[in-house]
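Written below as structure tokens is the structure these notes are about.
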Amino acid sequence: MGNISDAQVKKLQLHANEIRQSIIEMLVEAGSGHTAGPLGMTDIFTYLYFYGLKHDAQKPDWKERDRLILSNGHICPVLYATLAHAGYFEKAELRTLRKLGSRLQGHPHREFMPFLETSSGPLGSGLSQAIGMALANRIDEGQTTSKYFYCLLGDGELQEGQNWEAILLGGKEKLHNVIAIVDRNNIQIDGYTEDVMPMNPLVDKWEAFNWHVQEIDGHNFEAIDTAIAKAKTTFGKPSVIIAHTIPGKGVTEFERLPIWHGKPPNKEEGARALAELRTLQGQIQSEHE
Amino acid sequence: MNKQTRQAVEINENIFSETIEQVPIRNGFGTGLVEAGTKDSRIVGLCADLTESTRMEEFAKKFPERFIEVGITEQNLASVASGMAAMGKIPFMSSYAAFSPGRNWEQIRTTICYNDVPVKIAGSHAGISVGPDGGTHQALEDIALMRVLPNMDVIVPCDAIEAHKATLAIAQTKTPSYIRLAREKSPVVTNQNTPFEIGKAQIVFRSEGDIMDVGIVACGVLVYQAIRAAKELDEQGIKVTVLNMATIKPLDTQALNILIQETGALVTAEEHQVAGGLGSAIAEYTSSTRPVPIEFVGIKDSYGQSGKPNELLDLYGLNQNTIEQAVYTLLSRK
């Protein structure tokens, strides 16, 4: 249903690889921050900012732009890295993450970086905000609006009750242009989500609240593209895409381990990660070797 | 000191009548919101299943396309309002103060104040005078909760007329605002000519002459009690100035300065815990500038309970009598 070409997919894969490198570099430099979520969500961020989202890095205030709310703000390294690679600011600024006076606050703060749609960090409020934005937009533009309101959420985050308040409201208001994307990476701070607080059956829960639900491989660009296209052409219900991702995707040493949720790589771990990314897992030579 | 600046403003001429008009403060919010919404189409209303009792019903009926009913979801309420503000709306959200800001304090902190968006929060049914519903529904902490948040203005109107004006005033600011409303009907202290300005305290009673013995600074329903107490005291030869401090934040430090200089002693009065409310705000200021003895009239670290509003105000010492006693105590400390 989506129409992304193989050539476009290849381009996105290269962008995603570059973004993953930036994430590693900025986390090593910062000495604190979250690794697994940002790496896992890189493909979805790449798809949105380099293909799917209606936006303009030269006009961050553009009124007609789609809105993207990052509800699980702790994965902001991937947001910042993607924005930099997409041209919102210089990539050199990425190394200021979490430092005093930096625009790249540890959890996104819109006062420091105006082209963020909101501040976030405490979990569970993003979807309410995305729905509020869509409701305000509907007052002004009605059903014929061309804007989409994306909300990215964590799966552990869905344990916060406020999400379900928002999900109730989204179902009630039948907001066809709200698209939630859940990072179903199965980890949170205290371990695997299904041990800490089981969320399954997750699809059933959203459907029970009258949302249109899809499940995809969150690393497959064609699947992402098809799901977004389906979401955009579903009316009468808001949509959620439950994206199965591998926490730490792209760095073999980090993949699938809850321990990488909330800590940055040290210098040596970072160096190994970069070597793997730069050589596409040993397939090519890197200028850095 | 210019005599002109030390006069009481015009208030209800029937202030001392036993049959003084009584109207719930929340009614002023309801009428003010309709007027504000008629003038400015950016204004939207949001409510958590309490439209009739928070008086948002009229707005909802008049502007149904600009009203969002979120059901019993106060945390969602605050963040939905934040999202609407991000798209250029001026959202007014209402619930009972015990639930909003009680339950959704963090969402107000992060999605409204930290983001610095013009969301206006009406906390209705504040104070002990909620009555029969009892302690869980009687918010006694909301002034404290709101004033500790950077970017938040905190307004406690003394009657329905002031609540109407305050609603219109906060509709025009670009900053988060909290307006505290009461359920039960209370005496109308002001009239249409009484000035109201965010951040400005007004003198509502002043004894004759330039020498003052004591200042009473009150907010909300206790402004009326303070004026009655002041008249009693004045007849006994005690010189009193009463300030209606409708804005708790930003505090009118200029008016306070003058009052402290004149009187050297203050009684504060509020339908709120002594901890963290109007009295605390004033004490913070005086201690750091010109320390004076203060007597605090308010709830002394307990919860409310069921009863008739007037019974409760008497039981918890939130009335004219307690204010007078506080003045006697204060004068003996001076």
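The values are calculated or read from the model by the stated rules, or taken from the named source; none is laboratory data. Here the structure is a predicted model, which means the values were calculated and not measured. We place every Cβ from the backbone using ideal geometry, glycine too, and count neighbours over all the protein chains shown. Heads up: the accessible areas ignore ligands, DNA and RNA and are worked out on the full protein's heavy atoms, side chains in. Shrake-Rupley method; radii C 1.70, N 1.55, O 1.52, S 1.80 Å.
A few comments on the model shown:
- 27 Å tail of the calculated P(r), region B:1-157, as % of Cα pairs: 29
- FRET E, pair B:Thr38, B:Thr175, Förster distance 22 Å, beta-carbon r, rounded to 0.05: 0.50
- Applying the Kirkwood pairwise sum to the alpha-carbon positions of chain A produces a hydrodynamic radius of 19.1 angstrom.
- Residues in region B:225-260 that a label on B:Asn321 would reach, taking backbone N under 18 Å of a point 7 Å out along Cα→Cβ: B:225-233
- Peptide A:162-170 - average C-beta neighbours from other chains (10 Å radius): 5
- Among the chymotrypsin sites (Phe, Trp or Tyr not before Pro) within region A:181-289, those in coil by DSSP and having at most 11 neighbouring Cβ atoms inside 10 Å are A:Phe235.
- Accessible-area value, A:Lys174, 1.4 Å probe, nucleic acids and ligands omitted, Å²: 120
- Three-way shape call for region B:273-334 based on the alpha-carbon gyration tensor, with the a/c threshold at 1.5: oblate
- A simple charge model with +1 on the Cβ of Lys and Arg, -1 on the Cβ of Asp and Glu and nothing else charged puts the dipole of chain B at about 780 debye relative to its Cα centre.
- Where labels lie 7 Å past Cα in the beta-carbon direction, separation of A:Gln13 and A:Arg272 in nm: 2.5
- Number of partner chain Cβ atoms within 10 Å, mean per residue of B:85-95: 4
- The residue list A:Tyr80, B:Gln75, A:Leu202 was ranked by how far each Cα lies along the charge dipole of the protein assembly as shown toward its positive end, using unit charges on Cβ atoms, and A:Tyr80 comes out on top.
- Seen from every direction in turn and averaged, the convex hull around the alpha carbons of region A:141-222 projects onto 6.4 nm².
- Dimensionless Rg/Rh of region A:1-110 - Kirkwood Rh, Rg from C-alpha atoms: 0.96
- With the simple model of a label 7 Å out from the Cα in the direction of the Cβ, B:Val23 to B:Ser332 spans 4.1 nm.
- Overall form of region A:100-198 per C-alpha gyration tensor (a/c, 1.5; a/b vs b/c): oblate
- For chain B, excluding the exposed loop sites themselves (chymotrypsin sites (Phe, Trp or Tyr not before Pro), DSSP loop, at most 14 other Cβ atoms within 10 Å), the longest remaining stretch covers B:17-302.
- Per residue of A:116-125, other chain Cβ atoms within 10 Å of the residue Cβ number 5 on average.
- Isotropically averaged projected area of chain B, using the convex hull of Cα atoms (one quarter of hull area), nm²: 15.7
- Computed over the protein assembly as shown, Kirkwood Rh from alpha-carbon pairs, angstrom: 26.5
- Put simply, region B:197-334 fits an ellipsoid with semi-axes of 22, 18, 14 Å; these come from the alpha carbon gyration tensor as the roots of five times its eigenvalues, largest first.
- The solvent-accessible area of A:Ser125, taken with every protein chain present and a 1.4 Å probe, is close to 10 Å².
- Given charges at beta-carbon only (K, R positive; D, E negative), |dipole| of region A:1-131 in Debye: 80
- Shown is the FRET efficiency for B:Glu208 and B:Tyr303, computed with R0 = 45 Å from the Cβ-Cβ distance and rounded to the nearest 0.05: 0.60.
- With a threshold of 29 Å on the Cα-Cα distance, the over-threshold entries among A:Lys11/A:Lys91; A:Lys174/B:Lys165; A:Lys147/B:Lys120; B:Lys200/B:Lys334; B:Lys185/B:Lys300 are A:Lys174/B:Lys165.
- FRET efficiency, B:Arg290 to A:Ser32 (Cβ-Cβ, R0 35 Å, nearest 0.05): 0.20
- Given their separation in residues at 0.36 nm each and the Cα-Cα distance between them, A:Glu215 and A:Lys99 gain 38.0 nm when the chain is fully extended.
- Region B:126-228: equivalent-ellipsoid semi-axes (sqrt of 5 x gyration tensor eigenvalues, Cα, Å): 23, 19, 14
- Fluctuation leader among B:Ile25, B:Ile238, B:Ile90 - chain B, Gaussian network, Cα springs under 10 angstrom: B:Ile238
- Region B:179-261 shape via C-alpha gyration tensor axes, a/c threshold 1.5: oblate
- Choice from B:Pro250, B:Pro91, B:Pro176 with maximal GNM fluctuation in chain B (Cα, 10 Å cutoff): B:Pro250
- Buried solvent-accessible surface, both chains (A, B), 1.4 Å probe, Å² to nearest 100: 2000
- Exposure of B:Ser287 as accessible area (Å², to 10), given a probe of 1.4 Å and all protein chains: 80
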